[in-house]
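Here's the structure, in structure tokens; my notes come after.
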Amino acid sequence: MGKLKRASAIFVLPLALMGQQVQADPAVEVLKVTRYGDDGGTGTLRWALEENNKNPGHYQIDIDAVGAAPYAIVVKSELPPIKGPVKISFPLHDENGSFVAIDGSGYVGPSAKDCPGAVPGQFGTNVRTTTKPGIVLQDTQDVEIAGIEIRNFCIGVLINRASRNVIRDSRIVGNHGGAGIMITGDDGKGASTSTTTNNNKILRNYFFNNGDAMELTRGAAFNLLADNFITNDGTIEEPSQGLEILWGNDNSIVRNHFENQSDGVQLNWGNRNYIAANTFTKLSSAVTLSGTGNIVDGNIMTGNRVAVSVRPQAAPGPNGTPGRNRITGPAVNRITANSMFDNGKDIERCFAGGACLPEHKGAIVFGVPGLEHDVFVGNRGGGIDGDTSKMEKICAPGVTAPDCEPMPNHNQSAPKLVAANPAASGVEIKGEVEGQPKTLYRIEFFANTDASSKEAEIYLGFANVPLDASGKGSFTYVADAAKAASAANFTATATTVDGATSMLSTPLANAVSRNN
């Protein structure tokens, strides 16, 4: 056979287009905001939004730098929802990093009580609401916001039943009702819509002094939140969540920084969300987990009260039907390869979350209550009924009963480390694990440089360990010499085949390091 000749790329036009010129899309027209008043006249932001909405996809909106910095547009009433496709930006930001503010203080009061919830009598951050938003993207798609500060609304940006929108390189400041950015599939009556609020991206934004910085709720799915910085200065009424996920699934939260909130990320019955490569510090609870199939992977968690709070939730009812609170089963979540150290701080900040029971401190803690539990300590939200007799109870460890919720992650026990011996290439760690019979477990190993630490400072690696018919297994793992050199002790977790991770083992001193 002769040599095969390299094929050339040949593009063939469909017959219908042969002999015709393919038409390009019409040029996008720029609507310029040249006046910062809010009278609706030509050149105002309100005018530009209304003009865009007459013919979405035909415009982009550029906000000019008017006068001297700081640049601010104070709006006097709610702006019209924005219809996409459209890009709204402050071009000067790309030149020197300046922002123009869209400021809601012209009609929104400064208190959480000025932000009413959907239920009469409720108010503030931690109640269902879509009240008094700044930028509204509702039943639309393909809106991009860049280089803008959005401040002093109840909700800074409301993305409701809207997809493929991008909020990037902006500042979200002082929004004290629902959230700085709320992404929700809320149908208007509090129920979820499962296919309306997908593939939005929140990228490289700075969140300051919001109650909740971000929310993904009621069916929000397949959204990306990356490279955002979330903080507050301690002066706000409700320093609640950096991100709350409520019935939101399959979202990715990567490379964000969370600090000074009650929770960094709080998951309320959301499934299969991926939380990776973030940093968490100065939080009551860095990550609070319920739902199932969520993965907390490769994060740095330091200086918090609890690094990962794993919450109970209702067991399934008869024949697998949903249990209380519309939950379909106990929490089963994977906690893997994180760096957790110097936690256990006395941070008592529990605004609709966090961990404020005295016994709840450290790296991974099971049984931390949520708002629905009678033993929760903290603020459940403005105007929320505080009658604990109507609330859920948490079962004691090892107890399963119809009137209480079982411990999460199958109450999987930690492995037991029994020896650390010198090996040719490092330190040989031996141990035992008990759990589900005839299944494969993943044992992850960690080192701590502080001999008093019971956490997981340095991730060393993992071993797959099969359990026998009696539910027992043993393992040997050789920790790399370079990683183990600074280890004062070792700890480990056990993860079941369905992804439920245990708490950390009792530390085992590194005799190899001590003897050297």
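Listing Tyr274, Tyr441 from fewest to most neighbouring C-beta atoms within 10 Å gives Tyr274, Tyr441.
Here's the picture: charge each Lys and Arg Cβ at +1 and each Asp and Glu Cβ at -1 in the chain, and of Leu246, Gly177, Ala482 the one pushed furthest to the positive end of that dipole is Ala482.
Here Asp233 and Leu357 are evaluated by their C-beta separation; at R0 = 22 Å the FRET efficiency comes out at 0.25.
Shape annotation for region 94-409: C-alpha extents along the principal axes are 60, 42, 33 Å, from largest to smallest. Exposure proxy for Phe446, Phe475: other Cβ atoms within 10 Å of each Cβ, ordered fewest to most, give Phe475, Phe446.
Angle of helix 45-54 to the longest C-alpha principal axis of the chain, folded into 0 to 90 degrees and rounded to 10: 90°. Taking 7 Å steps out from each Cα toward its Cβ at Asp39 and Ser452 produces label points 6.7 nm apart. Spin-label model, His410 to Glu432: label points 7 Å out along the Cα-to-beta-carbon direction sit 1.9 nm apart. Amide H contacts of Ile172: Ile150, Tyr206, Phe207, Phe208, each under 5 Å away and 5 or more positions distant or on a separate chain (H built 1.01 Å from N in the peptide plane; Pro and chain starts excluded).
The charge dipole of the chain, taken about its Cα centre with unit charges on the Cβ of Lys, Arg, Asp and Glu (plus for the first two, minus for the last two), comes to roughly 1160 debye. Loop-resident chymotrypsin sites (Phe, Trp or Tyr not before Pro) (DSSP state other than H, G, I, E or B) in region 166-229 with no more than 16 further Cβ atoms inside 10 Å of their Cβ: Phe222. Let's test the formula: R0 of 51 Å, r as the Cβ-Cβ distance of Glu78 and Ser252. What FRET efficiency results, to the nearest 0.05? E(calc), rounded to 0.05, equals 0.95.
For region 412-515, the Cα-based Rg and Dmax, in that order, read 13.0, 40 Å. With the helix formula -39500 (n - 2.57) applied to DSSP H stretches of n ≥ 4, the chain reaches a computed 222 nm mean residue ellipticity of -1000 deg cm²/dmol.
A Förster distance of 25 Å, applied to the separation of the beta-carbon atoms of Arg164 and His58, puts the FRET efficiency at 0.90. Name the residue farthest towards the positive end of the dipole of the chain from the options Thr400, Asn160, Gly117, assuming +1 on Cβ of Lys and Arg, -1 on Cβ of Asp and Glu, about the Cα centre. Result: Thr400, furthest along the dipole toward the positive end.
Centroid-to-centroid, using Cα positions, region 347-364 and region 67-130 are 32 Å apart.
Amide H contacts for Val33 (H built 1.01 Å from N in the peptide plane; partners 5 or more residues away or on another chain; cut-off under 5 Å): Asp62, Ile63, Asp64. The local environment of Gly426, defined by Cβ-Cβ distances under 9 Å, has a net charge of -1 under the rule Lys, Arg +1 and Asp, Glu -1.
Read-outs: derived from the displayed coordinates by stated rules, not from any lab. Note that the structure is predicted; figures quoted are calculated from it, not measured. Reconstructed Cβ throughout: ideal geometry from the backbone, glycine too, with neighbour counts over all protein chains shown.
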